[in-house]
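Asks: The structure follows.
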Amino acid sequence: MSSETVGQISVGWKCSTCGQLITRIDDGWVEWLAFEDQQGRTHLTGLRLVHCLPARTGKRGPRSCQYDARQQFRRNHSLVEGLPLERFVGPDGLMLLLSFIAVGEMPVGDILELAKRVQIPGYELVRDLLRGAGHKFSASSIGDGFYLQSEIQAALASYDQSRAS
């Protein structure tokens, strides 16, 4: 996915750390934390989509949106793992996401949300809008958080009209 527009809205992915838009697939990174429980079973948590390069400026210069591996290990012996965003889009990306569900090491809700963000056209644009209280499209015909393309398009049209007013 590149930087395109739907109406007047830029298309991309919202970084889970800085909240800024990731407009090029090459600039995205999907990461998570891995740890072993007391029985030696692996668990994965903290799945998030972030910039793959330093994208924000802190008090001491450029800062990365990614997990700090050293800090995470010190905190609870978690290891930071991840893959480029490109690995999660398209049919092969969907298969990778499904394999995460099949293995059962990561919360299913986190995987489903990432799948919607990277696989469903327009979902990333409207996910916060559709969750907003009082929005007329906040109730999905399928179920909470699962929107048909017609609902996504209607929300985008409604948003474009409200911005034009």
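The values are calculated or read from the model by the stated rules, or taken from the named source; none is laboratory data. None of the values given here were measured: they were computed from a predicted structure. Please note: Cβ atoms are built from the backbone with ideal geometry, for glycine as well, and neighbour counts cover all protein chains shown.
Asks: Name the residue that is modelled with the highest pLDDT, counting only residues in segment 115-144 that are of a type in the set (Gly, Ala, Ser) and either more than 21 Å from LEU21 (Cβ to Cβ) or assigned to a helix (DSSP H, G or I) (or both).
Replies: If we filter segment 115-144 for residues that are of a type in the set (Gly, Ala, Ser), which is where we start, we get 115, 122, 132-134, 138-141, 143.
Of the ones still in play, those that are also either more than 21 Å from LEU21 (Cβ to Cβ) or assigned to a helix (DSSP H, G or I) (or both) are 115, 133-134, 138-141, 143.
Numbers: ALA115: 97, ALA133: 49, GLY134: 52, SER138: 54, ALA139: 63, SER140: 75, SER141: 78, GLY143: 81.
Among those residues, the one meeting the criterion is ALA115.
Asks: For GLU86, state whether it is surrounded by 14 or more Cβ atoms within 10 Å (Cβ to Cβ), within 30 Å of PHE35 (Cβ to Cβ), touching a Leu at 6+ places or on another chain (Cβ under 9 Å) and modelled with pLDDT of 90 or more. So that I can check it myself, show each step before the final result.
Replies: Numbers: surrounded by 14 or more Cβ atoms within 10 Å (Cβ to Cβ): yes; within 30 Å of PHE35 (Cβ to Cβ): yes; touching a Leu at 6+ places or on another chain (Cβ under 9 Å): no; modelled with pLDDT of 90 or more: yes.
Against the criterion (surrounded by 14 or more Cβ atoms within 10 Å (Cβ to Cβ), within 30 Å of PHE35 (Cβ to Cβ), touching a Leu at 6+ places or on another chain (Cβ under 9 Å) and modelled with pLDDT of 90 or more), GLU86 does not qualify.
Asks: Sticking with this one: If THR57 satisfies every condition in (1) part of a strand (DSSP E or B); (2) at pLDDT 90 or above; (3) more than 23 Å from VAL126 (Cβ to Cβ) but one, which is the exception?
Replies: The single condition THR57 does not satisfy is (2).
Asks: Let me ask something else. Return only the number of the condition from (1) at pLDDT 95 or above; (2) under 14 Å from the mean Cα position of the chain (by Cα) that LEU79 does not satisfy.
Replies: LEU79 satisfies all of (1) at pLDDT 95 or above; (2) under 14 Å from the mean Cα position of the chain (by Cα) except (2).
Asks: Which of (1) surrounded by fewer than 15 Cβ atoms within 10 Å (Cβ to Cβ); (2) modelled with pLDDT of 90 or more; (3) more than 15 Å from the chain's Cα centre (by Cα) does SER165 not meet, given it meets every other one?
Replies: Looking at each condition in turn, SER165 falls short on (2).
Asks: Give all pairs with beta carbons closer than 7 Å in which a residue from segment 62-75 that is surrounded by 15 or more Cβ atoms within 10 Å (Cβ to Cβ) meets a residue that is at pLDDT below 95 and among the aliphatic types (A, V, I, L, M); count only pairs at least 6 apart in sequence or on separate chains.
Replies: What qualifies is CYS65/ALA55.
Asks: Right, something else. Scan ILE101, ILE152 and give me the residue that is surrounded by fewer than 16 Cβ atoms within 10 Å (Cβ to Cβ) and at pLDDT 80 or above. It would help to see each step written out before you state the result.
Replies: Numbers: ILE152 fails: surrounded by fewer than 16 Cβ atoms within 10 Å (Cβ to Cβ).
Being surrounded by fewer than 16 Cβ atoms within 10 Å (Cβ to Cβ) and at pLDDT 80 or above holds for just one of ILE101, ILE152, which is ILE101.
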